[in-house]
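Read through the structure below, which is laid out as structure tokens, and then see the notes.
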């Protein structure tokens, strides 16, 4: 990665965090309803959400609703440079702190989801995603997609959209992006 590219990526990440923080401050909690509506079309399909940290948009209401119909998990970071694993999650289950402060089930029961709800710092209209920089979701989606059809749904505030993002060949594209304002389906672009 060139120094200019690294600088551009750091600047894009900083701008994304700022937009997300502003949007989070005025969040009315309606985005989970948009996510629930989308997931209703996939009842019973194994999926993973995430436990929100800092100013991430909150998928928990949609995850709780989905858990009434099928398995729902959360990501578990086992080591740097490794893909995520997904542990079954249910509302009110015992959780403990995991890596980066995200909560994980106290007694993980791992499975492979077919739908992964992905947190992010910024996204673009082509399905590009900028995360925290660890590459966890890129490695994970690449591995899951090599084994089975896997739908990657970015979940973010509309304000997190960027005109363009500095992306790398290893960055895994999102199939759909759900915000409090709309659902962007990018699958027809890739067909």
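A short reminder: the numbers here are calculations on the coordinates, not readings from a lab. Given the structure is predicted, the values throughout are model-derived calculations rather than measurements. Neighbour counts run over all protein chains shown; Cβ positions are idealised from the backbone, glycine included.
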So what's the angle, to the nearest 10 degrees on a 0 to 90 scale, between helix 3-25 and the longest Cα principal axis of the chain? 50 degrees
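Using 0.36 nm per residue of separation minus the Cα-Cα distance, give me the extension gain between residue 7 and residue 77 in nm, one decimal. Each step should come with its number before you reach the end.
On the way: separation 70, 0.36 × 70 = 25.20 nm, distance 2.64 nm.
Extending this stretch completely gives an extra 22.6 nm.
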Relative contact order (%) - region 50-155, alpha-carbon pairs under 8 angstrom, separation at least six: 25 percent
Once normalised by the length of the chain, the mean sequence separation of its alpha carbon contacts under 8 Å that are 6 or more apart gives a contact order in percent of 23 percent
GNM of the chain, Cα pairs under 10 angstrom: of 74, 118, 30, the biggest fluctuation goes to 30
Extension gain, residue 158 back to residue 111 (0.36 nm per residue minus Cα-Cα distance, nm): 13.9 nm
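Sorted from fewest to most neighbouring beta carbons within 10 Å, what does the list 117, 57 look like? It would help to have the intermediate numbers written out before the result.
Working: 117 26, 57 23.
Fewest-to-most Cβ neighbours within 10 Å comes out as 57, 117.
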State, as an integer percentage, the relative contact order of region 1-103 based on alpha-carbon contacts under 8 Å between residues 6 or more apart. 21 percent
Between 0 and 90 degrees, rounded to the nearest ten: what's the tilt of helix 136-147 against the longest Cα principal axis of the chain? 60 degrees
Quick shape check on the chain: root eigenvalues a ≥ b ≥ c of the Cα gyration tensor, a/c under 1.5 is rounded, otherwise prolate if a/b tops b/c, else oblate, and it reads rounded
How much length is gained if the chain between residue 148 and residue 18 is pulled fully straight, taking 0.36 nm per residue apart and subtracting their Cα-Cα distance, in nm to one decimal? 43.3 nm
Over the chain, with a Gaussian network built from C-alpha contacts below 10 Å, which listed residue (26, 96, 76) shows the highest mean-square fluctuation? 26
